[in-house]
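Take a look at the structure set out below.
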Amino acid sequence: MKPRVLVTRHVYPAAVAILQEHCVVDYKDTYDVMDAALLQKRLQHADGVVCQLTDPLTADVLAAAPKLRVISQIAVGHDNIDVATATARRIVVTNTPGVLTEATADLCWALLLATARRLPAAEQFLRAGKWQRWDVDLLCGSDVHGRTLGLVGFGRIGQAVARRARGFGMRVLYASRSAAAPEVEQELRAIRVPLDALLKESDFVSLHVPLRPETRHLIGVEQLCLMKRGAFLLNTARGPVVDEAALVAALEEGLIAGAGLDVFEAEPRVHPGLLELPNVVLLPHVGSAVTSVRALMCALAANDCVAVLTGERPKHPVNPQVLG
Ligand code: DGY
């Protein structure tokens, strides 16, 4: 009998085709998000699930999926999944690293430049018909070239952001639990420093850590107070890494110069204070939103789901200990 796989929401059709070759696929082509109760119902008979960061695969939801053998997440972050419970149940969890690294680093740079040079404000000004003439101080922003970039987290994406910083002649600092290999530090001319030192010295602080209990509100009042008054905070990682209320207060009080945010604490809800502020650039979680990249992510998740269900080793297990 073919294994049954639930695909929770709209994906690229090629991913469904990959799954259909080996599995019975439960798929409704909808953008709607399933809540926990609906997920529990639809997972009752599933051997596998291809899911997204909008799906709460909590311990309670997993308890309603007695046959589940694999959870394939179409994203690199997997904080919506209770991996500890999955691991205890010997359910393989997979994700999609690698294919989105460069796209996410590109977006981070787009956000950095847009924030420093006030691009959304400039475009709105023009579209509103306010542009009368060239003025010496019209829509002036901040320098990027030659400044200091501080990367909090130095995995694949953090390193890809650092690589681009070389073209801007920037000094690169990073804070991370472990040091990168010496050849990586040398290639990227990146210097590892404690987080506090990074916050004090950087003109741009960019976050690249996964959301874990220890990274929740990693950037709060205390950390924002350490940053330079002219510095910018960039978040393309996960919203809850920043205490959003503290960030709004810091921006209102002028403790930092601005922020560029692609992720939010309670997505898709955005803190109303952020929406009021002129010195923030806000994006709807589009870090990896490149058509070819999203297609690769969908295919990778489908292939890894099939791999587990057909007794092969998946490419990107999050909990490899389950595979033995
Ligand atoms: C991820 O992969 O975790 C991003 O947030 C979505 O691409």
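No lab work stands behind these numbers, since they all come straight from the coordinates. Since we're looking at a predicted model, the values are computed, not measured. Here the Cβ positions follow ideal geometry from the backbone for every residue, glycine too, while neighbour counts run over all protein chains shown.
Results, tabulated for the structure shown:
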item: Model label zone, LYS67; criterion: amide N under 14 Å from point 7 Å along Cα-to-beta-carbon; scope the stretch 33-47; result: 41-47
item: Computed lengthening from THR310 to LYS228, 0.36 nm per intervening residue step minus Cα-Cα distance; result: 24.1 nm
item: FRET efficiency, GLN44 to VAL221 (Cβ-Cβ, R0 35 Å, nearest 0.05); result: 0.20
item: Other-chain or far-sequence residues with amide H under 5 Å of SER72's (modelled H); result: VAL49, VAL50, CYS51, THR94
item: Of the chymotrypsin sites (Phe, Trp or Tyr not before Pro) in the stretch 86-195, those whose Cβ has at most 12 other Cβ within 10 Å and which sit in DSSP loop; result: TRP134
item: Kyte-Doolittle mean at least 1.0, axial Cα span of 18 Å or more - DSSP H helices of the chain; result: 101-116, 291-309
item: Residues LEU274 and ALA88, FRET efficiency given R0 of 30 Å [Cβ-Cβ distance, rounded to 0.05]; result: 0.20
item: Pairwise label distance in nanometres, GLU267 with GLN20, each label 7 Å out on the Cα-Cβ vector; result: 2.9
item: Lys/Arg +1, Asp/Glu -1 at C-beta; the chain dipole; positive extreme among ALA121, LEU198, ILE81; result: ILE81
item: Lysines with Cα under 19 Å of LYS228, excluding same-chain neighbours fewer than 8 positions away; result: LYS200
item: Proximal charge balance of PRO210 [Cβ under 14 Å; K/R count +1, D/E count -1]; result: +3
item: Gained length - ARG212 relative to ALA289, 0.36 nm times residue gap less alpha-carbon distance; result: 25.4 nm
item: Amide N proximity, the stretch 67-84 versus THR58 label position 7 Å along Cα-to-Cβ, cut-off under 14 Å; result: 80-83
